[in-house]
1. Inspect all residues belonging to region 97-104 and state whether any of them is in contact with a Ser or Thr (Cβ under 9 Å, 6 or more places away or on another chain), within 16 Å of the ligand (Cβ to nearest atom) and under 30 Å from I54 (Cα atoms).
2. Tell me the residue from R134, R154, R146 that is in the same structural domain as R278 (by TED's automatic domain parsing), within 27 Å of M370 (Cα to Cα) and open to solvent by 20 Å² or more (accessible area, probe 1.4 Å), please.
3. Take the residues in region 348-389 that are within 13 Å of the ligand (Cβ to nearest atom), part of a loop (DSSP other than H, G, I, E, B) and of a type outside the set (D, E, K, R), then tell me which one is modelled with the highest pLDDT.
4. Scan region 371-383 and give yes if some residue there is over 17 Å from G85 (Cβ atoms) and open to solvent by less than 50 Å² (accessible area, probe 1.4 Å), otherwise no.
5. Applying the selection to region 121-136, what residues are closer than 17 Å to A189 by Cβ and near the ligand (Cβ under 7 Å from one of its atoms)?
6. Of everything in region 314-347, what is open to solvent by 30 Å² or more (accessible area, probe 1.4 Å) and closer than 26 Å to Q269 by Cβ? Give them in sequence order.
7. If we keep just the residues of region 44-85 that are part of a strand (DSSP E or B) and over 26 Å from I375 (Cβ atoms), which is most open to solvent (accessible area, probe 1.4 Å)?
8. Return the total of residues in region 86-119 being open to solvent by less than 10 Å² (accessible area, probe 1.4 Å) and within 30 Å of I231 (Cβ to Cβ).
Amino acid sequence: MKSRRSVLLGLTSVAGLGGCTTTSESRRPLATAPAFLPRRLAPILTAPERIVRITVCTRPFRAAGPRLDIERVGDATVIHNYGHGGSGWSLSWGSSGLAARKAMAVAGETGGPPTIAVIGCGALGLTSALQLQRLGARVVIYAKERTPFTRSMRATGTWTPDSRVADADKVDADFPDLWERMARESFAAHQTYLGTEGDPVVFHDRYILASATPASSAPPKPGIKTGPPDIHFASYGDRLRDIVPRSIPIPVETTPFPVASARFGTGLQFNVTELAHRLMTEFLMQGGRIETREFHAPMEIAALPEKVAINCTGYGAKALWNDQTITPVRGQITWLAPQPEVDYAVFYAGVAVVSRPDGIVIQNTQGGDMVGYGIEDETPDRAEAEATIARVAPLFPPIRRPSTP
Ligand SMILES: Cc1cc2nc3c(=O)[nH]c(=O)nc-3n(C[C@H](O)[C@H](O)[C@H](O)COP(=O)(O)OP(=O)(O)OC[C@H]3O[C@@H](n4cnc5c(N)ncnc54)[C@H](O)[C@@H]3O)c2cc1C
């Protein structure tokens, strides 16, 4: 039996998984290439005293999927690019690439100068602006809030391209293929930021853990209700099996966690603060201009000097475009003080714990995609935050030191 401390320090290894043991068994050729090596995992400090902020935002969910059509408003053309639910960062490059190509085609048709407006400065607005610049356009962003004050800044920052992206029963027949194209373009584009200064995008180890007995259900959270049972959130992840790394089961003894089963994988992660800053910097360095402006009606967009615009107003489109097909899905994140020594994520008891340079991000996922459905209130809930942290705290018991004589 290995001591928990030796496991914590990564002194153990698994025969057959490529661990550095010195037993004769470990010197046998491996049957399969290793996908996992046990290693030291610094514990996450989960005391509520380490909470530095609690943020809440509403995901813009549309049962039919993101709105991507073209609309004529006065003498202007608007290409919509909003309503990406819980997958806005993940799908951003692909969805914005699609919108930018449409915008360029329209600008070309009218023979006008390729100066295009982007309404919104969140994940979709920034990537639309950059995709347009890469296609040769001059771009002006108009937005009420800019980075780092948009809703996009309150995202967990993981690769979740089909999270609350649509209702599988309500999409057009060609939507799954379209989604796949957007997801593939995005996955490739995000990876162009790997290994660049500030690590805006990284691949992180993640541990998916389960106890023998299902996690006790959390106390009801004030203000949290589940949505109607007739929603069937689309799940298209299998379409990307050839490009997205998959998790594998690992022996729990190779982890420091007191659980019954464990899986290990690697996942694409967006260090949102750095990523948004990078996108904004790139945009400005390439001659982009940004103007603070709030629009109250579509005709105000038609009055802009640019006659082609991409509408990336996210949840704001509900009011601006009177789009009653947008349903808010509330999500709260609890931020613990950053721990640079923690470079992994944990999923356990319906809680996602993701370490980023700007903090340890903790999100309740118990109850699945319905959690927060239909709730617009963006008021932080401290009781919910503490209850969520308490569910993962047992993974990181205090290390007892021998008492000195
Ligand atoms: C808790 C939580 C966790 C999430 N985690 C992830 C994740 O891990 N991975 C992922 O891919 N997605 C995640 N998401 C989803 C993601 O955050 C959204 O899909 C994404 O932020 C939407 O981006 P957006 O650019 O469309 O909208 P926003 O970020 O809301 O940007 C909209 C922009 O439009 C502007 N605007 C709006 N209305 C007007 C107006 N009337 N006039 C002028 N400007 C206006 C705003 O000021 C802003 O600049 C998460 C969401 C939540 C709530």
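The values are calculated or read from the model by the stated rules, or taken from the named source; none is laboratory data. Predicted model only: the values in this text are computed from it and were never measured. FYI the Cβ positions are ideal-geometry reconstructions off the backbone, even for glycines, and counts take in every protein chain you see. Calculation scope for accessible area: heavy atoms of the full protein, side chains included, ligands and nucleic acids excluded. Shrake-Rupley method; radii C 1.70, N 1.55, O 1.52, S 1.80 Å.
1. Looking for residues that are in contact with a Ser or Thr (Cβ under 9 Å, 6 or more places away or on another chain), within 16 Å of the ligand (Cβ to nearest atom) and under 30 Å from I54 (Cα atoms), one finds none in region 97-104, hence no.
2. R154
3. Checking each candidate, the answer is P380.
4. yes
5. G122, A123, L124, G125
6. Within region 314-347, P338, P340, E341, D343, F347 meet the criteria.
7. Among those that are part of a strand (DSSP E or B) and over 26 Å from I375 (Cβ atoms), it is R72.
8. Number satisfying all stated conditions: 11.
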